[in-house]
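The values are calculated or read from the model by the stated rules, or taken from the named source; none is laboratory data. The shown structure was predicted, so the numbers you read here are calculated from the model rather than taken from an experiment. Note that we place each Cβ from the backbone using ideal geometry, even for glycine, and neighbour counts take in every protein chain shown. Keep in mind that these areas ignore ligands, DNA and RNA; they rest on the heavy atoms of the full protein, side chains included. Shrake-Rupley method; radii C 1.70, N 1.55, O 1.52, S 1.80 Å.
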Amino acid sequence: MSSRSLLAATVAAALVLTSCSGAGEPTGAESNAKADAAPGVTDDSVVIGTHQPLTGPAAPGYSRISVAAKAMYQYINDHGGINGRKIDYRVEDDGYNPTRTVEVVKQLVLQDQVFAIVGGLGTPTHSKVVQYLNEEGVPDVLVASGALQWDDPKKSPMTFGFQVDYEREGKIQGKYIKEHMAGRKVGLMFQNDDVGRDAQAGLDQFIKADVVSRQGYDPANTDVLPQLSALKDSGAQVVVCSCVPAFTALMILTAARLGFKPQFVVSSIGADPVTLTGLLQDFAKRGGAEVSAPALLNGLIGTGYLPDVASDDPWITFFKQVHDKYTPNEPFTNTFAFGLAQAYTFAQALKLAGRDLTRGKLVDAMESGRIKGPGVTPFNFSAKSHAGYTGAFVFQINPDTSTKQIQVPMVTDRGDGPIKPAPTSRSTPDDIGLV
């Protein structure tokens, strides 16, 4: 593929991404009243809501997460619901626009009277509604972002993370690079918000002295040529990308256009090979060009905390059954599995909260330490920590876009604690017996 064709592909991708359509501290009495509240709950249903990027720059890949979650909730409802209640799941499109996020979340809380916000997606978006949700006493659980700010029980007692946080993941990536790519110059490419800041806090514990260039991107600006040019000019031999899928694809296409061939290391938020294959092909097609996605992805290193969809893990077997029954025409990707896992995790908490459901009891369930699976590392949920998964494994993409694990799952903390192998014992769907 010529550099001119690659230019057309990246310009087309940029046009696609930019044109997608679509208070004070409460008193003790107020806190108790909010904890006892149960809006959205009837004898036979519970209403929950979420904000998702169904359009806009994060839509490619991420727009299918809520489709997956809906499939899991349909499965649960068809098997009797949770504690006798069906889950009414309401999805609002925020276009990955923080202003729109505020609007749709207030709509869900004030008009739809949701019991909880579940899996709200995005660091720049969700950060604009955390204070509001906590002031209103609305459970804000399993946020789809690895920012550290979701783990702040004192300031945000209603908010809980889900995926491994960016600092833990950055530590695991940094240690791997230090041990397996010693002496190489490293460049960093990251979303210019808490994604990048938190990831660098972890990476810098191991490879700060090796970093020759740090390049942030704004998700509202799809031209990443300046960043990739700077990384190339710096002599970076390894590029760590803390990027959403669309920007991982843009980075790969732009690097190919420049003849820049570093070792890419990509965080879990943008490393799903099936999603990336589709994006690379789609962006190139819109630019009137053709690319070999397998060739562009071959050798890319990524991190993950959920079992790979190509594995024979019991969770994947279960997820595939749900997928095949409710959404057989959807690609079964790791991103899709994320939505299934997130919904299943919320249903576990809902079951633990009991039949006499209140918002306070849901928070208690989240803090109970009894929520298990489907990830390959444990959750960190407790009264003292609202962090989600505690680590990740490292994988590499093969020439046929399948993956191979090149480092076992490791766990660590969000500080300077050690990195060690994750426990190998995990609960299966049969062990949990959700429905």
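Here are R197, R184, R168: which of them is under 30 Å from A236 (Cα atoms), of a type in the set (K, R) and in a loop (DSSP other than H, G, I, E, B)? Full working, then the answer.
On the way: R197 fails: in a loop (DSSP other than H, G, I, E, B); R168 fails: in a loop (DSSP other than H, G, I, E, B).
Being under 30 Å from A236 (Cα atoms), of a type in the set (K, R) and in a loop (DSSP other than H, G, I, E, B) holds for just one of R197, R184, R168, which is R184.
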Exercise. What tally of residues in segment 116-155 results from selecting those that are assigned to a loop (DSSP other than H, G, I, E, B), open to solvent by less than 10 Å² (accessible area, probe 1.4 Å) and touching an Asp or Glu at 6+ places or on another chain (Cβ under 9 Å)?
Worked result: 7
Exercise. Restricting attention to segment 249-267, does a residue exist that is in contact with a helix residue (DSSP H, G or I) (Cβ under 6 Å, 6 or more places away or on another chain) and at pLDDT below 95?
Worked result: yes
Seminar exercise, completed: Among (1) in a strand (DSSP E or B); (2) in contact with a Lys or Arg (Cβ under 7 Å, 6 or more places away or on another chain); (3) open to solvent by less than 10 Å² (accessible area, probe 1.4 Å), V394 falls short only on (2)
Exercise. Is it the case that segment 140-154 has a residue that's out of contact with any His (no Cβ under 7 Å at 6 or more places or on another chain), modelled with pLDDT of 95 or more and among the hydroxyl-bearing types (S, T, Y)?
Worked result: no
Exercise. If you take the residues of segment 24-73 that are under 17 Å from L110 (Cβ atoms) and in a loop (DSSP other than H, G, I, E, B), which of them is modelled with the lowest pLDDT?
Worked result: A37
For this session: May I ask you to say which residue of T159, T101 is buried (at least 24 other Cβ atoms within 10 Å of the Cβ), modelled with pLDDT of 95 or more and farther than 24 Å from S382 by Cα?
Result: T101
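Is it the case that D88 is open to solvent by 40 Å² or more (accessible area, probe 1.4 Å), among the acidic types (D, E) and at pLDDT 95 or above? It would help to see each step written out before you state the result.
Working: open to solvent by 40 Å² or more (accessible area, probe 1.4 Å): yes; among the acidic types (D, E): yes; at pLDDT 95 or above: yes.
In short, yes.
Hey, can you tell me all the residues within segment 339-374 that are part of a helix (DSSP H, G or I) and not hydrophobic (A, V, I, L, M, F, W, C)? It would help to see each step written out before you state the result.
If we filter segment 339-374 for residues that are part of a helix (DSSP H, G or I), which is where we start, we get 339-353, 359-366.
G339, Q342, Y344, T345, Q348, K351, R359, G360, K361, D364, listed by residue number.
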Exercise. What do you reckon, is Q200 within 18 Å of the chain's Cα centre (by Cα), polar (S, T, N, Q), crowded, with 24+ Cβ neighbours inside 10 Å and farther than 24 Å from R64 by Cβ?
Worked result: no
Problem set entry | Selection status of A209, closer than 25 Å to L306 by Cβ and either open to solvent by 10 Å² or more (accessible area, probe 1.4 Å) or in a helix (DSSP H, G or I) (or both) | no
Exercise. Looking only at residues in segment 64-85 that are among the polar types (S, T, N, Q) and open to solvent by 20 Å² or more (accessible area, probe 1.4 Å), which one is farthest from G122 (Cα to Cα)?
Worked result: N83
Problem set entry | Test set (1) open to solvent by 10 Å² or more (accessible area, probe 1.4 Å); (2) in contact with a His (Cβ under 9 Å, 6 or more places away or on another chain); (3) closer than 30 Å to K208 by Cβ; (4) not hydroxyl-bearing (S, T, Y) - D93 fails condition number | (3)
